[in-house]
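Report on one structure; see the data block that follows.
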Amino acid sequence: MRGLVYDGEKAAIRDGLEVRDPGPTEVEVRIVAAGLCHSDLSVIDGTIPWPAPAVLGHEGAGVVERVGSAVTHVKPGDHVVLHTLASCGLCKWCNTGRPAWCRKSIGNASQPFTLDGEPTWNFAAASYFAERTVVQAGQCVPVADDLPLESACLIGCGVLTGVGSVFNRTEIGLGDTAAVFGVGGVGLNVIQACRIKGASRIIAVDTIADKEPSARDFGATDFVLAGPGVDSVAAVRELLPYDSENLTGPFGAGGVDYAFDCVGHPEVLNAALEMLDWGGTAVIIGVPAPTATVPARIGNFTHVERNLIGSRAGSHRPHHDIPLIVELYQQGRLKLDELVTQTYDLDDWESAVHDLEAGKLARGVLQLSDA
């Protein structure tokens, strides 16, 4: 079979891939569609260290081909949304609704593939840029056959990360205000989740002006065009000042209740912290280099109880959150189809990367087979 393989220096479509048979608690899935995410590019450029050779892709959907002897919740022919959270299901975190804290759920590098007979790594327990893959049964969430997999494939990473960061990591509610840095696939899902939860002002911040229409379509009430020479903190505070005459009150009063960094850059995170109102919360979603740090004024936390929290893939609970997202989509309350800017054949993956880096995509989807 074919797949997109990272060899330690670059990525390319390779023939000669094979995947082993599923074990007792595993499932073999034929991939129909897979979303292109910045995390895949971060492996290629070295931001995320990963062993090579490795089959990339971690946001997908497909059709079950074979199941292990202990698997009961899916069967061959089922349509499934796939995710990366290969948690153990047994520890205290898995059993208290926090599988993202499971110590066995991160990394999960193994070698279920061979390339021309040589052992080949998976990526993030997933590898959805291959025609077939083998995953833990818990990574498969069954969905209705009429759910378009080209849209549903985005749920497993971009949608879960954005929506989950709002639903699972914050208490945002009616009348609250938010700023969202980065209007890509994750940022759009943060925006629509804030809308669903009843936020009164949702300020999208991005360096590309052409992203404003989609930001507003997903629920943004305001748009700030960031970039060189632009003080995004002041721009947001002009929209939500301390009072009619002052942008900033004592200890930085004024600004937003929540600020979400979907970019993964220390300067962006620092801006998110500086635009918080008293008691506000900045949420780190984007992933920078492992050594990245951010300076922060401690008084912002000790004196007026601002908060800084992380969100790993939306702290999602897959078998609860994915059906919820599908239900909200079916009710017309959550957008999925609109996230798919363009679909590409697997051979055109480099075009998808170019368009993603140029800021043309909410999400680009690679088509690997027919449903």
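Odds and ends about this structure:
- Of residues in segment 178-187 being at pLDDT 95 or above and in contact with a Cys (Cβ under 9 Å, 6 or more places away or on another chain), the one surrounded by the fewest Cβ atoms within 10 Å (Cβ to Cβ): GLY182
- Residue match in segment 342-362 (condition: assigned to a strand (DSSP E or B) and surrounded by 20 or more Cβ atoms within 10 Å (Cβ to Cβ)): no
- Of the criteria (1) more than 17 Å from TYR329 (Cβ to Cβ); (2) crowded, with 24+ Cβ neighbours inside 10 Å, which one GLY158 fails: (1)
- Within segment 270-305, the set of residues being more than 15 Å from ALA179 (Cα to Cα), open to solvent by less than 70 Å² (accessible area, probe 1.4 Å) and not small (Gly, Ala, Ser) comprises PRO288, VAL294, ASN300, PHE301, VAL304.
- Residue pairs whose Cβ atoms lie under 8 Å apart, sitting 6 or more positions apart in sequence or on different chains, and linking a residue in segment 232-244 that is crowded, with 16+ Cβ neighbours inside 10 Å to a partner that is outside any helix (DSSP H, G or I) and acidic (Asp, Glu), are LEU239/ASP222; LEU240/ASP277.
- Apart from one condition, VAL143 fits all of (1) open to solvent by less than 10 Å² (accessible area, probe 1.4 Å); (2) touching a helix residue (DSSP H, G or I) at 6+ places or on another chain (Cβ under 7 Å); (3) under 25 Å from GLY364 (Cβ atoms); the exception is (1).
- For first residues located in segment 34-45 and farther than 15 Å from GLY359 by Cα, partners that are of a type in the set (Lys, Arg) and in a loop (DSSP other than H, G, I, E, B) and lie 6+ apart or on another chain with Cβ distances below 8 Å form the pairs ILE44/LYS10.
- Unique match (being among the aliphatic types (A, V, I, L, M) and under 24 Å from ASP116 (Cα atoms)) among VAL27, VAL64: VAL27
- Screening the candidates ALA282, ALA272, ALA292 for the property of being under 28 Å from GLY46 (Cα atoms) and part of a loop (DSSP other than H, G, I, E, B) yields one hit, ALA292.
- Pairs, first under 12 Å from PRO22 (Cβ atoms) and aromatic (Phe, Trp, Tyr) in segment 130-145, second part of a strand (DSSP E or B) and open to solvent by less than 10 Å² (accessible area, probe 1.4 Å), C-beta under 6 Å, six or more apart: none
The values are calculated or read from the model by the stated rules, or taken from the named source; none is laboratory data. All values reported here derive from a predicted model rather than from experimental measurement. Note: ideal-geometry Cβ built from the backbone for every residue, glycine included; neighbour counts use all protein chains shown. Note: accessible area is taken over every heavy atom of the protein model, side chains too, but ligands, DNA and RNA are not part of it. Shrake-Rupley method; radii C 1.70, N 1.55, O 1.52, S 1.80 Å.
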